[in-house]
Structure formats: structure tokens, C-alpha cells
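Engineer: One structure, as C-alpha cells, below. Some questions next.
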Amino acid sequence: MARIVKEIVVGGKRLKALFDTGSLRSYIRSEFRPPSFRKVRPITIGLGGIVRRLDERCDLTATIDGLEFDMMAYAVDDLGGTEYGELDAIVGVLTMEEWYTKLDPKSGELDLSGLRKREFTEY
């Protein structure tokens, strides 16, 4: 079973993102969060074998394979790494469900057909 790590673009920067069905929320390394973020009631999570208390959340727009999607992410100083190297973001299940993104861990592929269907043309 492969972990699915893909490149996303946030604010013009290329980030290495883990698409993780085991994570409810999404996270982004603090250095990549947009300048507009908000303080929220802290949450306590276990991430990368460390218990963390997070209180900064941001809304951001990302693209994957040229397809745009929005997500709400908590800012984290360090996300650790995988066999693919250090991670810049984790895309959690709430974001994937919102944008109809599916994972195939056996093949290591990300199914973006649901995201593609949400594209539309304005006249």
C-alpha cells in the first residue's frame, strides 16, 4: 500500500502534499501559510508521533494538475516526512470529500475525476 504524495501549488509555490484519509483536517507548514490567517480555539492533535497544540488556521487556494481547489488548513511548524521526503502539506479527508477526490492506495494514484467534473465554463 503506497502513500499518495503529490505536488500542489499554493501562492505560486510548489509544495509536497500527502493526501491522507487518516487525517480529518488539513495542515500546511507555517512558512507557506498565507499572510491572512486567524487565531482559533486551540486543538490538540497527534501528528508525526508528536502531540501538538494548534491555534492558527487559514483558508487557501491550491492547484493540482491545473485544477483549483480551496481548503482550510492549520499551520504547523514541521510536518515530518515520508519516503518521498519532507512534507509541506497534508490534505485531510474533509478537503478530499468536499472536492470529490479519491485515493487508490494500491496503485498509489489520486483520482481527480470528481474535481474535474466540478469545473464549469462561465458565459
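Conditions (1) part of a helix (DSSP H, G or I); (2) surrounded by fewer than 12 Cβ atoms within 10 Å (Cβ to Cβ); (3) touching a Phe, Trp or Tyr at 6+ places or on another chain (Cβ under 7 Å), marked per residue:
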residue: 53; (1), (2), (3): no, yes, no
residue: 59; (1), (2), (3): no, no, no
residue: 63; (1), (2), (3): no, no, no
residue: 71; (1), (2), (3): no, no, no
residue: 103; (1), (2), (3): no, no, yes
residue: 116; (1), (2), (3): yes, no, no
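Engineer: Sticking with this structure for a sec: Tell me, please, whether a residue that is over 20 Å from residue 112 (Cβ atoms) and not charged (D, E, K, R) can be found in segment 4-15.
Structural biologist: Among the residues of segment 4-15, at least one is over 20 Å from residue 112 (Cβ atoms) and not charged (D, E, K, R), which makes the answer yes.
Engineer: While we're here: Please tell me if residue 95 is under 19 Å from residue 11 (Cβ atoms) and either part of a helix (DSSP H, G or I) or modelled with pLDDT under 90 (or both).
Structural biologist: On the way: under 19 Å from residue 11 (Cβ atoms): yes; either part of a helix (DSSP H, G or I) or modelled with pLDDT under 90 (or both): yes.
In short, yes.
Engineer: A follow-up question, please. In segment 16-29, how many residues are over 19 Å from residue 109 (Cβ atoms), part of a strand (DSSP E or B) and among the hydrophobic types (A, V, I, L, M, F, W, C)?
Structural biologist: 1
Engineer: Could you figure out which of (1) of a type in the set (Gly, Ala, Ser); (2) under 12 Å from the mean Cα position of the chain (by Cα); (3) more than 13 Å from residue 79 (Cβ to Cβ) isn't true of residue 36?
Structural biologist: Here residue 36 clears every test but (2).
Engineer: Ok, one more. Taking segment 39-51 as the search range and keeping residues that are under 28 Å from residue 83 (Cα atoms) and in a strand (DSSP E or B), which one is nearest to the chain's Cα centre (by Cα)?
Structural biologist: Of the residues in segment 39-51, the ones under 28 Å from residue 83 (Cα atoms) are 43-51.
Of the ones still in play, those that are also in a strand (DSSP E or B) are 43-47, 50-51.
On the way: 43: 18, 44: 18, 45: 16, 46: 16, 47: 14, 50: 19, 51: 19 Å.
Among residues in segment 39-51 that are under 28 Å from residue 83 (Cα atoms) and in a strand (DSSP E or B), the one nearest to the chain's Cα centre (by Cα) is 47.
Engineer: For the structure I just gave you, tell me whether residue 76 is touching a residue at least 12 places away in the same chain (Cβ under 8 Å), buried (at least 16 other Cβ atoms within 10 Å of the Cβ), of a type in the set (Val, Ile, Thr) and under 18 Å from residue 6 (Cβ atoms).
Structural biologist: Working: touching a residue at least 12 places away in the same chain (Cβ under 8 Å): yes; buried (at least 16 other Cβ atoms within 10 Å of the Cβ): yes; of a type in the set (Val, Ile, Thr): yes; under 18 Å from residue 6 (Cβ atoms): no.
No.
Engineer: Within segment 61-86, restricting attention to residues that are within 10 Å of the chain's Cα centre (by Cα) and of a type in the set (A, V, I, L, M), which residue is farthest from residue 39 (Cα to Cα)?
Structural biologist: 62
Engineer: Okay, moving on. Can you spot a residue in segment 14-28 that is surrounded by 14 or more Cβ atoms within 10 Å (Cβ to Cβ) and of a type in the set (Asp, Glu)?
Structural biologist: Among the residues of segment 14-28, at least one is surrounded by 14 or more Cβ atoms within 10 Å (Cβ to Cβ) and of a type in the set (Asp, Glu), which makes the answer yes.
The values are calculated or read from the model by the stated rules, or taken from the named source; none is laboratory data. Just so we're clear, the structure is a prediction, and the values are computed from it rather than from any experiment. When we count neighbours, we look across all protein chains shown, and the Cβ atoms used for this are built from the backbone with ideal geometry, even at glycine.
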